[in-house]
Amino acid sequence: MTIGWCFDNTYSRLPEAFKENINPIPVKKPELIILNNDLAEKLNLNFSNLNDKEISELFAGNSLPPKSNSIAQAYAGHQFGHFTMLGDGRAVLIGEHLSKKKERYDIQFKGSGKTAFSRNGDGRAALGPMLREYIISEAMHNLAIPTTRSLAVVKTGEDVIRETSLPGAVLTRIASSHIRVGTFQYIAARQRKDELETLLDYVIHRHYPSIKNSKNRPLELLNIVLEKQINLVVNWMRVGFIHGVMNTDNMSISGETIDYGPCAFMNTYDPKTVFSSIDKMGRYAYCNQPIITKWNLSRFAECLIPLIDKNQEKAIQLATEIINSFEKKYEEKWLNMMRDKLGLFGTDEKDKFLILDLLTWMHQKKVDYTNTFCQLMNEKFKEDKNYEDQDFLNWKKRWNERLKTNNNTPEKYIKLMKTVNPLVVPRNHKVEEALEAAEKGNLKPVNLLLEILKKPYTKQKNIFDYQVPSPFNEEYQTFCGT
Ligand code: AMP
Ligand code: MG
């Protein structure tokens, strides 16, 4: 039986400027750490006929599948607000695989060695951060949030030097594409309209064929990406996800969460929560995520100006109108998401106050974000005196009054709540614990964590340990791991 690869590498057929042709640099002693069989099945790939050595060689990039065509993609990006020319400095796209349903997936090796875009980096990645991306991206997928996914992690048998020497690894990342706002910025910066048009055509054909006959395709693309990104960030806010490095090169045109560097989940509700050690100013704090999304979309809009209208002023005016629709659309989607979290059907003009008052109470009382919604669903994770607080009880009375206007049974509203309020998220300390063990060669905690995170909306045996908020909430820091 064959593996089932079905490559059709459209991106590698784009003009030279878009990429560098380069193979992954072979590694010394590849060793398979984890393989995602569920995802392999979804991709219609079957590795069961390969032995461990063959699988390791494959996912390390030492032996490339037939008909793959390995490239590093060029892109630029605003990193913490500053524009830089970037590109895949430690990753290669080995090709686009088609599933039996003809769904197209990028297969990317991250940590695969130096490319033309490596600048001063070594092109490599460490085991901890690659496994971290595996765990959190899969958790996001199971939380029903659009995301890139992780097919495998292999150890390279080589060390990488960071603050200390760490075991090297390669992650196989699966994405509906790796085209970013930064990809448009890279091509726009070259100031060649023909290349920009090529990219626009490519993206519409690949991701948004429904707008191919629109009167103004770049404008329609801006609109559709804005919608996608609002949906995404509303989802992040829903589960308390903090991306941590929302640079324009880490914002996907397809609307998937991409790049799990310093991301983490909020425990205690505090809108200003930041975990990333390099985010000193809190640019990418929890509450800033929608604002930054709009900022990034504005950078995207700037790239499209030359294509929107020959008259630059008119083009700017048209794009600005779309960008300015952000707040209203975001607020509406956010409100509806919060209504779902509270089991509220229909709308009431006072809903916003009801929601904000709960959040304010959570902030003041320093209670756990995820577990507060569990409490409201009667999925108490443990007795907690905070929920006997008079202010909370008063708020609950108002909530109950509002629920009565639902004209729905408790079963119905609880059912709604259970579809959007996870019982479990990847708690930072559990992720760290699992990674530490993995680095010492014990993969059991990683596998247990992955198992629990497969069904975040379902009550499971042994879930309690994974619901306990982090004991080191305030001090927790994440690192880019580059
Ligand atoms: P990231 O912070 O992962 O979004 O990466 C930002 C940029 O730095 C991208 O162009 C990466 O390819 C590049 N980069 C990150 N780590 C390395 C590394 N170890 N070697 C070379 N390039 C890197
Ligand atoms: Mg990145």
- [ ] Evaluate the charge dipole of the chain about its Cα centre and quote only its size in Debye, nearest 20, assuming +1 on the Cβ of each Lys and Arg and -1 on the Cβ of each Asp and Glu.
- [x] 760
- [ ] Keeping every protein chain in place, order 284, 457 by accessible area at 1.4 Å, biggest value first, i.e. largest first.
- [x] 457, 284
Open item on the list: Tell me the accessible surface of residue 295 in square angstrom (1.4 angstrom probe, heavy atoms of protein chains only), to the nearest ten.
Closed with: 80
TODO: For segment 60-130, report the accessible area per residue in Å² (1.4 Å probe, heavy atoms, rounded to an integer).
DONE: 37
Open item on the list: Leaving ligands and nucleic acids out of the surface, order 399, 5 by accessible area at 1.4 Å, largest first.
Closed with: 5, 399
Open item on the list: Going by average Cβ density within 10 Å per residue, which order do the peptides 147-159, 175-187 take, highest to lowest?
Closed with: 175-187, 147-159
- [ ] Could you tell me the distance between the Cα centroids of segment 83-149 and segment 274-353, to the nearest Å?
- [x] 26
Open item on the list: I'd like the Karplus ³J(HN,Hα) series for segment 102-113: coefficients 6.51, -1.76, 1.60, θ = phi - 60°, whole numbers in Hz, and an x wherever there's a Gly or Pro.
Closed with: 6, 7, 9, 10, 6, 10, 10, 9, 9, x, 8, x
Task: Distance in nm between pseudo-label sites at residue 461 and residue 448 (7 Å out along the Cβ direction from Cα) - done: 1.4
Open item on the list: Hydropathy at least 0.5 by Kyte-Doolittle, axial extent at least 18 angstrom from the Cα trace: which helices of the chain, defined as entire DSSP H runs, fit?
Closed with: 289-308
Task: Å² per residue, accessible surface of segment 407-482 at 1.4 Å - done: 56
TODO: Enumerate the amide H contacts of residue 112 below 5 Å, restricted to partners 5 or more residues apart or on another chain; note that Pro and chain-start residues carry no placed amide H.
DONE: 91, 92
Open item on the list: Just to check I understand the Karplus step: with θ = phi - 60° and J = 6.51 cos²θ - 1.76 cosθ + 1.60, what whole-Hz values come out for segment 260-272, glycine and proline as x?
Closed with: 9, x, x, 5, 6, 9, 6, 9, 4, 6, 8, x, 8
Open item on the list: Given a Förster distance of 45 Å, report the FRET efficiency between residue 396 and residue 10 from their Cβ-Cβ distance, rounded to the nearest 0.05.
Closed with: 0.25
- [ ] Roll a 1.4 Å probe over the protein chains and send me the accessible area per residue for segment 182-333 in Å².
- [x] 40
- [ ] Report, by chain and number, residues whose modeled amide H sits under 5 Å from the one on residue 255, excluding near sequence neighbours (fewer than 5 apart, same chain).
- [x] none
Task: Positive-end residue of 276, 198, 288, charge dipole of the chain with Cβ unit charges - done: 198
Open item on the list: Suppose each label sits 7 Å from its Cα in the direction of the beta carbon; what would the residue 67-residue 475 distance come out to in nanometres?
Closed with: 5.4
Task: Residue-by-residue Karplus 3J(HN,Hα) for segment 43-51, coefficients 6.51, -1.76, 1.60, Hz, glycine and proline x - done: 7, 6, 10, 9, 9, 5, 8, 8, 7
Task: Value of [θ]222 nm, deg cm²/dmol, for the chain, DSSP H segments ≥ 4, -39500 (n - 2.57) each, nearest 500 - done: -13000 deg cm²/dmol
TODO: On the full set of protein chains, 1.4 Å probe, figure out the accessible area of residue 398 and give it in Å² to the nearest 10.
DONE: 100
Open item on the list: For a quick check: with amide H placed at 1.01 Å from N, whose amide H comes under 5 Å from residue 268's, ignoring anything fewer than 5 positions away on the same chain?
Closed with: 369
Task: Carbon + sulfur, % of accessible area of the chain - ligands and nucleic acids excluded, 1.4 Å - done: 50
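The values are calculated or read from the model by the stated rules, or taken from the named source; none is laboratory data. Remember, it's a predicted structure, so these values are computed and weren't measured experimentally. We place every Cβ from the backbone using ideal geometry, glycine too, and count neighbours over all the protein chains shown. These area figures cover heavy atoms from the full protein model, side chains too; ligands, DNA and RNA do not enter into them. Shrake-Rupley method; radii C 1.70, N 1.55, O 1.52, S 1.80 Å.
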